[in-house]
Amino acid sequence: MFRGRTQSAPNRQLMPEGRLSGPMPWVIAIMVFLTVLAAAAALTLSSATTSTGEQLSREATVQILAPDPAVRDREQRAAQRALVQLPQIVRADAVPPADVEALLAPWFGGGSIAEDIPLPALIDLTLARPVDDMMLASISAAVLDVAPSARIDADSAWLEPVLQAMQSLQWLAAALILLLAIATAATVVLAARSALGSHSATIAIVHLLGGTDLQISRLFQRRMALDATFGSVLGFLAGAAMLVGLSRQLAALETPLLNASTFSPWLLAPLLGIPVITVLLAMLMARLTILGALRKML
Amino acid sequence: MVEFQNVGLRYGTGAETLSDISFTLFPGSFYFLTGTSGAGKTSLLKLLYLAQRPSRGVIKLFGEDAVTMPRRRLPGFRRRIGVVFQDFRLVPHLTAFDNIALPLRVAGVPEGDLAGPVKEMLDWIGLTERATARPATLSGGEQQRVAIARAVIGRPEILVADEPTGNVDPDLAVRLLKLFSALNKLGTTVVVATHDIHLIGKIGGAQMMQLDRGRLSDPTGALRYPPKPLVLGA
């Protein structure tokens, strides 16, 4: 009598290995592809938001608004001298007028803009620590003593709406990942139920021969794992290829928000967890679905 | 070994398929369960091989209450019961070898230990040459023998067969009964459901239960020796 070893799985050939014949691997491939893109977007935005935020929090700009060029130059030099002596200031670089004109050229056209419009003189500040209102007031007071037409702005204030939008996009990407995970789980549940229906006669026989629910569920888990592994690897490779292509295109951009430093191939490293999690999720959902269905049988 | 006390079975809200069934099966005995089609033979066997729980009454199996037994314990008990289904229920994509090996695999017997017992079974049923054949390519009689081999390979304490001779010619029917009788001599309790009254006389010492519209026709003396025991192969 053979009835002692109850935990071994029955022969894996009990169910015909029809993997890749159904839609599940392909659906999972699409899900993983989209998840990889969404996760990469979330990680990129997070990286860009963090690095840009940190950088901008230590930068400020002094504008000397005096309309008279001679007064403006004098106040700019005086302000620069006063600023470099402040302990909160690491660097205070006067922006050459030509650079200011170059910045405005896209809006005002080429040529000598300064002759037509009184452009402010600028001083770029690099701060010793992240700026706050008290620091800004203290620097402002020191500058106004020597340059009454000066105005100081923290760079972070300009880009705050952009950073907030980027954070919203991050949440959106996270929500998308969650929805894709739910859709993947639902796909597996449907596939498991379908497989259960297709093999109900075999399952009934195994049950009546003394097969346990766990033994039967393991058969389905294995099959789902194979399908999910194929789909996950395919989806991941497709997503990774697209990301590498995108990163090459973005590397050519010179925007402070998205560039090669915020979007690098190293970003793919944490994304490697997506196919692994997908396979584990598929196995878990298959197991729960099959066990739930089997419990309804005697 | 098996004890039914006032067992009743009802499917859904319909009338009782089985009513007030009471009997005891003893170890090493041979029983025929007879009755016309629809009398409830298959339903009674389902209760016996734990495919169904009764609506009422008590069923004791191997000394334990099978009615209130937790579901998780049923597989262990099912492994002690071999079943030959009326429609064979062979797994269509498995070979004869794999179908016969199925109960051993379910029981967790290592692959290396399967070949010996399975080949022995194939030899016993005369299908060694058809080991790699799938059920669809086997004749009805061959499928029947594979089903029997699958039922007995785990050396069950009880063998339950539902109309095992219903789809085979008379000669093969007698040969199948020989197989059951041989197994019975090894100590297995055998219960064969059949509506073929002529078969009953083929097994000397076999006892008979007769079902009539869901009831044992003679509850007080349901188990009795058949009228004319014959010698097998005569």
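Readers should treat all values here as calculations from the given coordinates under stated rules, not as data from a laboratory. None of these values were measured; they are calculated from a predicted model. Reconstructed Cβ throughout: ideal geometry from the backbone, glycine too, with neighbour counts over all protein chains shown.
When every Cα-Cα distance of the range B:130-177 is counted in 5 angstrom steps from zero, the calculated P(r) takes the values 5, 19, 30, 22, 19, 5, 0 percent. The alpha carbon radius of gyration of chain B, expressed as a multiple of 2.2 N^0.38 Å, is 1.00.
With the alpha-carbon atoms of the range B:1-139 aligned to their principal axes, the span from lowest to highest coordinate is 47, 31, 30 Å, starting with the largest.
Which whole number gives the average, over all residues in A:196-205, of C-beta atoms from other chains lying within 10 Å of the residue C-beta? Walk me through the numbers on the way to the answer.
On the way: counts 0, 0, 0, 2, 0, 5, 6, 0, 3, 10.
The mean count of partner-chain Cβ atoms within 10 Å per residue comes to 3.
For B:LYS178, a cut-off of 20 angstrom between C-alpha atoms picks up these lysines, skipping any fewer than 8 places away in its own chain: B:LYS119, B:LYS202, B:LYS228.
Counting each pair of different Cα atoms once, what's the Kirkwood radius of the range A:124-251 in Å, rounded to one decimal?
Details: mean 1/r = 0.0471 Å⁻¹.
Result for the range A:124-251, one decimal place: 21.2 Å.
Sorting A:ARG222, B:ARG89, B:ARG145 from the fewest to the most surrounding beta carbons within 10 angstrom yields A:ARG222, B:ARG89, B:ARG145. Counting every pair of alpha carbons in the protein assembly as shown, the share spaced more than 31 Å apart comes to 64 percent.
Summing Cβ point charges (Lys, Arg +1; Asp, Glu -1) relative to the Cα centre of the protein assembly as shown gives a dipole of roughly 3880 debye.
Counting other beta carbons within 10 Å of each Cβ, put B:ARG56, B:ARG175 in order, fewest first.
On the way: B:ARG56 14, B:ARG175 18.
Lowest count first: B:ARG56, B:ARG175.
Within 10 Å of each residue's Cβ, count the other Cβ atoms and sort A:LYS296, B:LYS119 from fewest upward. Please list the in-between numbers first.
Working: A:LYS296 6, B:LYS119 14.
Result, fewest neighbours first: A:LYS296, B:LYS119.
If a/c stays under 1.5 just call it rounded; otherwise compare a/b with b/c (prolate if a/b is bigger, oblate if not). Do that for chain A, with a ≥ b ≥ c from the square roots of the Cα gyration tensor eigenvalues. In terms of gyration-tensor shape, prolate. So for the range A:66-148, what percent of the C-alpha to C-alpha distances run longer than 16 Å? Of all Cα-Cα pairs in the range A:66-148, 56 percent lie more than 16 Å apart.
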